Structures are given as C-alpha cells and as structure tokens.
C-alpha cells in the first residue's frame, strides 16, 4: 500500500523555466513533509520541508506548497538549472515518529 | 556538516553468503536507518534504531537483521544473500527529539548478489 505517491516518473523542463514536481499522500495522519534530491551513485540530500500548519515554505529557488484537503504537495523550482537534474523524492511522517515514508521518485531533466 | 559513511560503495556477493553492510555517523545522532532503493519502488525502510541496542522493523525486514552496539555504528546483515536482495542500500541518521525531522544519508552501497 503506497501511502506516498509520485505519479510522474519523469519530467523534462527547459533551463530557466519552472519545474513542478507533485506528490500525493493517503494517510491523513501525516503532518510533516520533506523533499529530497538524489544524484546517481550518491545518497539523497535534504532540500526543503513543510509542516502541516503551513501551506507554503520557500527557500531560495525552491518552494513547497501543501494542500491538506487534497492531500497533495508540490515542489516548485524557479528558475530551473541543469544542475537540478536529479531524482526527487517526497517523504512524509507524522508527529515525532522517526520513520519517513518515501514516494517512488520523479526524475527531473533540465535541458539547455 | 553531518557525515554518514558506508563501508563499501560496490559489493558483489554470491547467493547464500552472509553479508555485512556497515554505516557510521559522526554527529552523535540517536536515530539510524537502513533503506533499500529499487527502480519504481522508491526508498523502502528495512530497519531502524532509536538507541544503542534498540531496533525496530521497518516495512521490509524479511531476510535482514541489524546490530547497533555503539551509538555511531549501525550494521545491516543479510544472513543468506539472495538474488532479490540485489539493490542500492542507503543508511541514514537523524537527531532524536521532536525536530528537525530530516534524515542525513550516506552515499549508498550498490550490492549485487549473483
């Protein structure tokens, strides 16, 4: 039972444009969400997070939006750069639980 | 900066062998985790530990065991490796308490079981 879903396995965006990566979840108990970025042959690195008490969090070129009623979150990257080409995972957790539940990932390709 | 290191980047083993994957973190983190990453399946939690000698099963613990004798070290053991355990194995750690909740990952071990 996939509680966190990333329905787009891949996305291609031109350099300078906006990249929008989407994530849906089914467990209404989740109250904290994170995005990780992963390059090949490296471990994931933390990008940005959002608590369920907020609907938006911004860090430089990265903004995460949370729609609790739709159980949906999205990561916006503006402007997209070639170095952003990677696999992006969203993850969710509830309360102070240690466990993160990850989505299946979206491969972003930023083209010149 | 948090550093999480894993003993091998690439490993090739034969079916039936006992395999040890080692993970060390240098930030005095209470919590440590083992995941495997497979195409189309994302990261799946195998085991985690919130303290020395403590362990909890994750979502896919079958065929694996873990050991945490020291706070900085968390080992994943494949008692009898099988071909379906060919995967990328990722170790992570995070501090205890209520925040921050982000986990810090090691570079991964690509394990191939022949």
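All of the numbers you see were taken from the coordinates with simple rules; none came from a lab. Model, not experiment: these values are computed from the prediction.
What is chain B's relative contact order, in percent, from Cα pairs under 8 angstrom and six or more apart in sequence?
On the way: 298 pairs, mean separation 40.8, N = 114.
Computed value for chain B: 36 percent relative contact order.
Can you tell which of B:35, B:50, B:89 shows the greatest fluctuation in a Gaussian network model of chain B with Cα springs below 10 Å?
Among B:35, B:50, B:89, the largest GNM mean-square fluctuation belongs to B:50.
Mind checking which of A:56, A:99, A:68 has the largest fluctuation in a GNM of chain A, springs on alpha carbons under 10 Å?
It is A:99.
Among B:97, B:63, B:40, whose mean-square fluctuation peaks in a Gaussian network model of chain B (Cα, cutoff 10 Å)?
B:40
Where the centroid of each part is defined by its Cα atoms, how far is the range A:32-52 from the range B:34-75 in Å?
19 Å
Distance between the C-alpha centers of the range A:1-26 and the range A:59-97? Whole Å please.
9 Å
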